[in-house]
Amino acid sequence: MASNTIRSLETEKRPSAVERREVVRIVVAEIFSVCKKPGKKHFGEIARKMVIQYPKSFRDEIEGQVVGTGYDSLTKQMLSRIDNYRRLQSPLQKRQSEGATNDAKKRRKDPYGCINSEPELPAGETNTMQKQKQEELKRMFDENSRDAKTIERLMVETFHSQRRDILSSKEMEDLVKEWPFLFQENGIRLHFRELTGVDITLNFDESTETKFKRILRYFQFQQSDPTNTAGAVLSQTLAGGDETGAAVLMLLAHFREKQEKMLEAVDDTAIASEVDVKNLPSTPCIVACDNL
């Protein structure tokens, strides 16, 4: 390892992000040279021993409190690194190493949550048929069609072509022209479902009932200062405010993110076409129809 990295570890300092990634690369390279198929439990054990050896440098902490096992983030970093190693394998090597057959294959979930990032062309489909369905979707969008079932069917059937165009690094403007429904709420939900196997509508509703409350309980336990932004939001929520919005605002305040870069407030009665996109931040943001 680099001398400055070794110095950080020996003096019980947290390595920089660059140094930490370098440590992960070196460790994973050593693991891969010994075992081509290490499992999560192996990485977890190695990460645990690294944290025991250098707790001040690697342990997961927030304000002095150990988060989870203390080595979850290190484990995930190593899992992501080994996944990148496997991505470099040729298709032939991958088939040989995974023992692939022509039978139905198990859909493997990668660390990014995708189970179908590079789908194959559907059985019985041709590129010409895919193009025809794409043109039909464009026509329905131009005509403001409300045939939701047909749109959903065509979006699912052309998922292969959508992923191909996205992975080809096309410009955003071109993607909007070629796949207009992909930039509408229902189209995004369908694409996300096919990509990850998760129905975001159901999962989000469930999360608002459980995880957001846990977030607020955590901040309530931390006893935020009522004079700052986080404390004011928490006090308002405890008095009967909206828990979902409050959880988002609390997280922004806790991680010291600039609210104006993440959220843009508009009138309660505003519709999408009335939002002045020229004044929106250059980064992805949420447009909220209410006062923040």
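Would you point out which residue out of PHE219, PHE192 is within 21 Å of the chain's Cα centre (by Cα) and modelled with pLDDT of 75 or more? One residue alone meets the criteria, PHE192.
Of the residues making up the stretch 146-172, those that are assigned to a helix (DSSP H, G or I), over 25 Å from the mean Cα position of the chain (by Cα) and charged (D, E, K, R) are LYS149, ARG153. Taken over the stretch 253-274, the criterion of being under 19 Å from LEU216 (Cβ atoms) and either in contact (Cβ under 8 Å) with a residue 12 or more places away in the chain or in contact with a Lys or Arg (Cβ under 8 Å, 6 or more places away or on another chain) (or both) is satisfied by ALA253, HIS254, GLN259, MET262, LEU263.
Within the stretch 32-61, which residues are of a type in the set (Val, Ile, Thr) and either over 19 Å from SER16 (Cβ atoms) or touching a strand residue (DSSP E or B) at 6+ places or on another chain (Cβ under 9 Å) (or both)? Don't jump to the end; show me each part of the working.
In the first step, residues of the stretch 32-61 are kept if they are of a type in the set (Val, Ile, Thr); the result is 34, 46, 51-52.
If the condition is that a residue be of a type in the set (Val, Ile, Thr) and either over 19 Å from SER16 (Cβ atoms) or touching a strand residue (DSSP E or B) at 6+ places or on another chain (Cβ under 9 Å) (or both), then VAL34, ILE46, ILE52 are the ones that fit.
If you go through the stretch 33-42 one residue at a time, do you hit one that is of a type in the set (Val, Ile, Thr) and at pLDDT 90 or above? Steps first, answer last, please.
Going residue by residue through the stretch 33-42, those that are of a type in the set (Val, Ile, Thr) are 34.
Filter once more, so that each one left must be at pLDDT 90 or above: none.
No, the stretch 33-42 contains no residue that is of a type in the set (Val, Ile, Thr) and at pLDDT 90 or above.
Of all the listed residues (GLU125, GLU152, GLU98), the sole one being surrounded by 15 or more Cβ atoms within 10 Å (Cβ to Cβ) and either over 23 Å from PHE183 (Cβ atoms) or at pLDDT 95 or above (or both) is GLU125. Of everything in the stretch 270-291 that's part of a loop (DSSP other than H, G, I, E, B) and in contact with a strand residue (DSSP E or B) (Cβ under 7 Å, 6 or more places away or on another chain), which residue is surrounded by the most Cβ atoms within 10 Å (Cβ to Cβ)? Here the answer is VAL275.
Here are some residues: ARG25, ARG48. Which one is more than 30 Å from TYR218 (Cβ to Cβ) and modelled with pLDDT of 85 or more? Quick ask: steps written out before the conclusion?
On the way: ARG48 fails: more than 30 Å from TYR218 (Cβ to Cβ).
Selected residue: ARG25, the only one of ARG25, ARG48 that is more than 30 Å from TYR218 (Cβ to Cβ) and modelled with pLDDT of 85 or more.
The values are calculated or read from the model by the stated rules, or taken from the named source; none is laboratory data. Values in this document were obtained by computation on a predicted structure and should not be read as measured data. Neighbour counts run over all protein chains shown; Cβ positions are idealised from the backbone, glycine included.
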